[in-house]
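Heads up: the structure comes next, in structure tokens.
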Amino acid sequence: MTNALDMTFQALADPTRRDILTLLLEDDMAVTDVAEPFEMSLAAISKHLMILTRAGLITQEKRGRVKWCKLEPMAMRGASLWMESFGQFESVNLDEFESFLSQQLSQGTDEIAG
């Protein structure tokens with residue numbers, strides 16, 4: 001459990017990876033589409049995607065010649081339960097979390113475009 005929890009928090013620690021998760025809230029995306037809004041190489045994005053995949057936060061699958069990424073929101077359940085055990089945090093309401101990430105996406109898109 002601790003290793004999975006460590007991997008989740010390490011993956012979430014990076015703002016680029018959090019932005020990627022926010023993008024994937026909308027729908028599954030091809031790796032090239034995930035990379036598009038970021039000012040970094042496809043290789044750098046692929047490294048971020050591999051960390052998210054190892055943490056179980058996303059899955060990647062090949063469809064034809066294209067690799068697709070899919071958000072796995074239940075993967076954050078362990079982190080949510082761990083935080084909840086302190087009594088200071090409520091369990092994560094996935095609907096509210098999705099709404100929060102959607103707001104972050106719209107703000108991030110504005111910042112990237114601006």
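The values are calculated or read from the model by the stated rules, or taken from the named source; none is laboratory data. Just so it is clear, the model here is predicted, and its values are computed rather than measured. Ideal geometry is used to build each Cβ from the backbone, glycine not excepted, and the neighbour counts take in all protein chains shown.
Take residues that are in contact (Cβ under 8 Å) with a residue 40 or more places away in the chain and tell me which of the helices (runs of 4 or more DSSP H) falling wholly in region 1-53 contain 2 or more.
Qualifying helices (runs of 4 or more DSSP H): 2-12, 15-24.
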*asked:* If I go through region 24-34 residue by residue, how many of them are farther than 15 Å from THR53 by Cβ and surrounded by 16 or more Cβ atoms within 10 Å (Cβ to Cβ)?
replied: 1
_Quick check on my filter: what residues within region 50-85 are touching a Gly at 6+ places or on another chain (Cβ under 8 Å) and of a type in the set (D, E, K, R)?_
GLU72
*Which condition does MET1 not pass, out of (1) out of contact with any His (no Cβ under 7 Å at 6 or more places or on another chain); (2) hydrophobic (A, V, I, L, M, F, W, C); (3) modelled with pLDDT of 80 or more, if it passes all the others?*
(3)
